[in-house]
Amino acid sequence: MSNEEKVLNAEQIFEFCQKQNKAEPLKVKEWGGTVLLNPMTGLMRDKFEAKAMDLNQGAKEGYNVTGLRAWLAAQLIVDEEGKRVFSDTDVEALNAMPNGGLERVWREVKKRNALGAEFVSEAGKN
C-alpha cells in the first residue's frame, strides 16, 4: 500500500456510502416521463438473487429472470421522498405492460448496480 492510500474505518465507509445511496433520475420515454431509481443495497441484491434462484425452480445452474424486471422496478422506483411508487401487488400489472419501459429500467439497474453477465445472458434466454 502506498503512503497516499487511505485506510478507511467503518464510520468513513458508512458516511461515504450514505452520500452515494440516493435515487437518481431515469428518463423512461416509454412511460412518458422520468422516474427516480434507487440504488440496490446489499440486502436488495441478496433478495434479487434469491428470487432469481427461486424462479429457477431447482435447476442446477443459472437464473430464471421471468418476472424479475417488474419485481425489481417495483422495489427500486421511488418518489421524491424516497418512498416506493409501486407496491408488491403492482408487480403483476407491471409485468403486463409493454416491455419497453421495463427493459429501460432493467438495463439501467444492471448498469448502476454492477449486475454481472450471468443475469444478462440468462435474460436473453427468456
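Since every read-out is calculated from the coordinates, none of them should be taken as a lab result. Just so we're clear, the structure is a prediction, and the values are computed from it rather than from any experiment. Note that we place each Cβ from the backbone using ideal geometry, even for glycine, and neighbour counts take in every protein chain shown.
Numbers for the structure displayed
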{"item": "Distance (nanometres) between label positions extended 7 Å along Cα→Cβ at ASP46 and LYS83", "result": "2.7 nm"}
{"item": "Inter-probe distance in nm under a simple model that places probes 7 Å from Cα toward Cβ, at GLN20 and THR66", "result": "3.5 nm"}
{"item": "5 angstrom amide H check on LEU115, placed H, neighbours 5+ away", "result": "none"}
